[in-house]
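A.B. asks: Sharing a structure with you now.
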Amino acid sequence: MRDVTRTEIREEIGDLVAELFAAGRAGERFVPGETPVHYAGRVFDEREIQAAVAACLDFWLTEGAHAQRFQQDLAEKLGVRETVLVNSGSSANLLAVTALTSPLLKDRCLKPGDEIITAAAGFPTTVNPILQNGLVPVFIDSFPPTYNPRAEDIAAAVGPRTRAVFLAHTLGNPIDADAVLEIVRRHDLFLIEDCCDALGSTYRGRQAGTFGILSTFSFYAAHHITLGEGGAVASSDPVLLRILRSLKDWGRDCHCGPGQNNACGRRFTGRHGNLPEGYDHKYVYSHLGYNLKATDIQAAIGVEQLKKLDRFCAARRENYRSWMERFRPLEDRFILPEATPGSDPAWFAFPLTVREGTGFTRRQVTDFLNEKLVETRNLFGGNLLRQPAYLDVRHRVAGELDGADRIMNDSFFIGTYPGIGEAQIDYTMDVFRRFLEREG
């Protein structure tokens, strides 16, 4: 009997993984009223599992070759110089804002008390890094049907200490990038795009995440692609990219990768701070950093997920069109979403806002949907200034926040992700009809 090689064993393991995946999917079908209609979820096949298993067999647990490949593939997809893989979208936001406070930016760096304009209605991790860095959020309003801030409100919010604008493309719907860029250029501001819900969305044919000096992405299980957890920061600015790599890696000055020794060629040369001359460069710290690295196993999954991004985004757009077609007759009850002019969103979800005077509340309709196994979510934190964590934070409000309150009270969303199709959409619309018949 011939000896079996390691390569043959690995191939057999990969084949068995594919068999196991197929066996687990056998007999799966959607049963109306019995199978939940999720608002989001993982969409994958045997290739992601095979990639994760192969990475486990290599047992390179921290960042390695798969992380390098994923970062390169994502940068190429976006059309930016580089992307920096991290362990979550929240960490990506933290790195992006913190990078702007780096002394390597010299007189451009943000200092405590400087202001960043952001939306009051959204997810907390867009705001938290502003506060964590001793900066001041300036809250502006957002409105249905785009759920994004208006350019005129951004312009009116600029004050003497305003240094940056940090906005999410809400639910994948791009901001009015032309108008926002005109404002940031006029006032010499930084623009950070939170694209955690917007990977694959475009504005005038250009990828979301390529307008600001920094952009952030999340690969949590609900998002356009998933690594389980994970995130990334994208930029084409070489100084900021150096800062980002340092911050995510304990603040190290050295850029040698995990397991590398003296790849930079100056490990025991140079003088840094008040350290002895020639101090080991692997232990020189130029920033107050973190350990925000992802694992190579996650990155291996991400490489396969990214190959499917275009197909995933096409499915989201098709589901959005299906929802819109079916909800048109219900426009007297719900405000339907609208894409920003010139944009083509890869919608993270389908937002709805209960119209005034309908005779029912958001909670009544979402309770009914959830009883019938149709998942919904509110538009994240609503007006964040009404959340317990933000009641006493240092901030400024520019204008009124009536739209944020409206979103907080009356808006919710259902899913567009590729795991749902016509059967789930038809069932959901039947549930909506039953609710509206009950309410009269």
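Only the coordinates and a few stated rules stand behind these numbers; no lab work does. As the structure is a prediction and not an experimental result, all values here were calculated from the model. When we count neighbours, we look across all protein chains shown, and the Cβ atoms used for this are built from the backbone with ideal geometry, even at glycine.
A.B. asks: Sort ILE183, ILE407 so the one with the fewest other Cβ atoms within 10 Å of its own Cβ comes first. Could you put the intermediate results ahead of the total?
C.D. replies: Details: ILE183 19, ILE407 29.
Going from least to most buried by this count: ILE183, ILE407.
A.B. asks: If you don't mind, there's one more thing I want to ask. Highest first, please rank the peptides 35-43, 165-173 by the mean number of other Cβ atoms sitting within 10 Å of their residues.
C.D. replies: Values: 35-43: 17.9, 165-173: 26.9.
Per-residue Cβ counts within 10 Å, averaged per peptide and sorted highest first, yield 165-173, 35-43.
A.B. asks: Under the rule of at least 5 residues apart or a separate chain, name every residue whose amide H is placed under 5 Å from the amide H of GLY122.
C.D. replies: Those qualifying (amide H under 5 Å, at least 5 residues apart or on another chain) are GLY381, GLY382, LEU384.
A.B. asks: Report the residue, chosen from GLY302, GLY421, GLY357, that carries the largest GNM mean-square fluctuation when the chain is represented by alpha-carbon nodes joined by springs under 10 Å.
C.D. replies: Between GLY302, GLY421, GLY357, it is GLY357 that shows the largest mean-square fluctuation.
A.B. asks: Moving on. For the chain, list the DSSP H helices whose alpha carbon atoms reach 30 Å or more along the long axis and whose average Kyte-Doolittle value is -1.0 or above?
C.D. replies: Numbers: long enough: none.
Within the chain not a single helix satisfies the rule.
A.B. asks: Specify which labelled value, from (i) 20.2; (ii) 23.3; (iii) 25.3, agrees with mean projected area of the Cα convex hull in nm² derived from the coordinates of the model shown.
C.D. replies: (iii)
A.B. asks: Whose amide H sits under 5 Å from the amide H of SER88, counting only residues 5 or more places off or on another chain, with H placed in the peptide plane?
C.D. replies: The answer is GLY230, GLY231.
A.B. asks: Taking the beta-carbon count within 10 Å as an exposure proxy, list CYS254, CYS264, CYS195 from fewest neighbours to most. Before the final figure, lay out the partial values.
C.D. replies: Working: CYS254 22, CYS264 15, CYS195 30.
By the 10 Å Cβ count, ascending, the order reads CYS264, CYS254, CYS195.
A.B. asks: Collect residues whose amide H, placed 1.01 Å from N in the peptide plane, falls under 5 Å from the amide H of SER343; neighbours closer than 5 in sequence don't count.
C.D. replies: Excluding prolines and chain starts, which carry no amide H, the hits are ARG204.
A.B. asks: Quote the charge dipole size of segment 76-155 about the Cα centre in Debye, to the nearest 20; the model charges only the Cβ of Lys and Arg (+1) and of Asp and Glu (-1).
C.D. replies: Working: 6 positive and 8 negative charges, 49 e Å.
Taking the Cα centre of segment 76-155 as origin, the dipole is about 240 debye.
A.B. asks: For segment 109-224, what ratio Rg/Rh do Cα atoms give with a Kirkwood hydrodynamic radius? Before the final figure, lay out the partial values.
C.D. replies: Details: Rg = 13.3 Å, Rh = 14.2 Å.
We get a ratio of 0.94 for segment 109-224.
A.B. asks: Any idea which of ASN383, ASN291, ALA346 is furthest toward the positive side of the dipole for the chain, if Lys and Arg beta-carbons carry +1 and Asp and Glu beta-carbons -1?
C.D. replies: Selected residue: ASN291.
A.B. asks: Rounded to the nearest 20 debye, what is the charge dipole size of the chain about its Cα centre when +1 sits on each Lys and Arg Cβ and -1 on each Asp and Glu Cβ? If you can, show how the numbers build up before the last one.
C.D. replies: Working: 50 positive and 58 negative charges, 212 e Å.
So the dipole magnitude of the chain works out to roughly 1020 debye.
A.B. asks: I need the calculated FRET efficiency for the pair CYS56 and GLN387, taking r as the beta carbon distance and R₀ as 60 Å, to the nearest 0.05. Don't jump to the answer; show the numbers that get you there.
C.D. replies: Numbers: r = 40 Å, r/R0 = 0.66.
Rounded to the nearest 0.05, the efficiency is 0.90.
A.B. asks: Compute the distance in nm between two label points, each set 7 Å from the Cα along the Cα-to-Cβ direction, one at LEU20 and one at ARG326.
C.D. replies: 3.6
A.B. asks: So, with +1 on the Cβ of K and R and -1 on the Cβ of D and E, and no other charges, what is the size of the charge dipole of segment 308-439 about its Cα centre, to the nearest 20 debye? List each step's numbers first, then the result.
C.D. replies: Details: 20 positive and 21 negative charges, 59 e Å.
Here segment 308-439 has a charge dipole of around 280 debye.
A.B. asks: Which peptide among 344-352, 125-133 comes first, and what is the full order, when sorted by highest mean count of other Cβ atoms within 10 Å? Kindly include the intermediate steps, with their values, before the conclusion.
C.D. replies: On the way: 344-352: 25.2, 125-133: 21.6.
Final packing ranking: 344-352, 125-133.
A.B. asks: Continuing with the same structure: For GLU19, GLU229, GLU356, which order do you get if you count the other beta carbons within 10 Å of each Cβ and list the fewest first? Numbers along the way, then the final one.
C.D. replies: Values: GLU19 11, GLU229 18, GLU356 8.
In increasing order of surrounding Cβ atoms, one gets GLU356, GLU19, GLU229.
A.B. asks: Students often check this: by mean Cβ neighbours within 10 Å, which of 93-101, 76-84 ranks highest, and how do the rest follow?
C.D. replies: Working: 93-101: 26.1, 76-84: 18.9.
By packing density, highest mean first, the sequence is 93-101, 76-84.
A.B. asks: Is the shape of segment 308-439 rounded, prolate or oblate, going by the alpha carbon gyration tensor and its root eigenvalues a ≥ b ≥ c, with a/c under 1.5 for rounded and a/b larger than b/c for prolate? Present the calculation step by step, with values, prior to reporting the outcome.
C.D. replies: Numbers: a/c = 1.88, a/b = 1.29, b/c = 1.45.
Note, shape of segment 308-439 comes out oblate.
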